[in-house]
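Step one of this worksheet: look at the structure below.
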Amino acid sequence: MKWLWAKFADPLKGFLRRDDRFSRGVMTIMSGTILSRIIAFAAIPFISRLFTPSDFGVLAIFGLIVGSMGQLITGRYEAAIVQPESDEAAVNILGVCVGLATINSALLFVIFYYCAEAVAIFFGAPELVPWLYWAPLCGWAIGIFTTLRLWNSRNDNFKWISIANVGDVGALTITQIGVGLLFRGVLTGLMLGPFAGRLTSAAILLLRTLRSDGPLILRSLNFRVAIAQAKYYLRFPLYDLPARGPSIRPVSTPRNSSPIPI
């Protein structure tokens, strides 16, 4: 028992007592993550009584599509935000990510406008059709949130990353329960949750970033520099993007998934 305590408990106590940048950041992010999980799991008994297992299966498929879009929509350039030494170079990578997310979301909207029914049939979930038209908006919010999260990580704004995480889960849960109570037996409340959560988290970080770094961003953004940075960090879309490409298999997609908010 003493060996176990010395092996795990003592290093943990030492880490918690540290007061450096890394430790504060980890503890701040961890506190937000724990609170988010508590909210999500506390909501399960309520949400599971408002919707059917088939509804959660549709939500799981939608989450698979939107999650894949959110990972790919920025070309993985957001991972390069923390690398440049100068904030000016990082700002232009930020601009590349926002531009790619917006352009790709618009293209995906056009694709889903014409192919939503085919995609829904491919997944065996015709209930998805009306939601696929708006899926690019949710994917755009995920891409913007991921980009701004790494920008704020670069600037040690871990507090606002945690607030955004909690806001995401809180908005998702409130929407699913609130709309679910108003319209019992309807899929709408369950499907609106991800939109509310993703847009809330993106809005929190966007407003915070504009408030704290707006002048720097406006002063540093330059189209030619952004193109140069995109070429310099081309390895991210070339190598990291294919590695994160979605592996979609409709046969194994759950139609009776667990009622945990995505």
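The values are calculated or read from the model by the stated rules, or taken from the named source; none is laboratory data. Not measured: the values here are computed from a predicted model. Cβ sites come from the backbone with ideal geometry, for glycine too, and all protein chains shown count toward neighbours.
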*asked:* Given the criterion in a helix (DSSP H, G or I), within 16 Å of Lys231 (Cα to Cα) and not basic (Lys, Arg), identify the matching residue among Gly57, Gly63, Gly99, Gly70.
replied: Gly99
*State yes or no: is Ile204 under 23 Å from Leu100 (Cβ atoms), modelled with pLDDT of 95 or more, surrounded by fewer than 22 Cβ atoms within 10 Å (Cβ to Cβ) and of a type in the set (Val, Ile, Thr)?*
yes
*Yes or no: Thr147 touching a Cys at 6+ places or on another chain (Cβ under 6 Å) and either surrounded by 16 or more Cβ atoms within 10 Å (Cβ to Cβ) or under 26 Å from Ile65 (Cα atoms) (or both)?*
yes
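Yes or no, residue by residue, for (1) modelled with pLDDT of 95 or more; (2) in contact with a Lys or Arg (Cβ under 9 Å, 6 or more places away or on another chain); (3) assigned to a helix (DSSP H, G or I):
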{"site": "Ser153", "(1), (2), (3)": "no, no, yes"}
{"site": "Ile163", "(1), (2), (3)": "no, yes, yes"}
{"site": "Gly185", "(1), (2), (3)": "no, no, no"}
{"site": "Gly189", "(1), (2), (3)": "no, no, yes"}
{"site": "Thr200", "(1), (2), (3)": "yes, no, yes"}
{"site": "Asp213", "(1), (2), (3)": "no, no, yes"}
{"site": "Leu216", "(1), (2), (3)": "no, no, yes"}
*The one condition in (1) more than 15 Å from Leu59 (Cα to Cα); (2) in contact (Cβ under 8 Å) with a residue 40 or more places away in the chain; (3) of a type in the set (Phe, Trp, Tyr) that Phe183 fails to fulfil*: (2)
*Considering only the range 111-138, how many residues are in a loop (DSSP other than H, G, I, E, B) and among the aromatic types (Phe, Trp, Tyr)?*
2
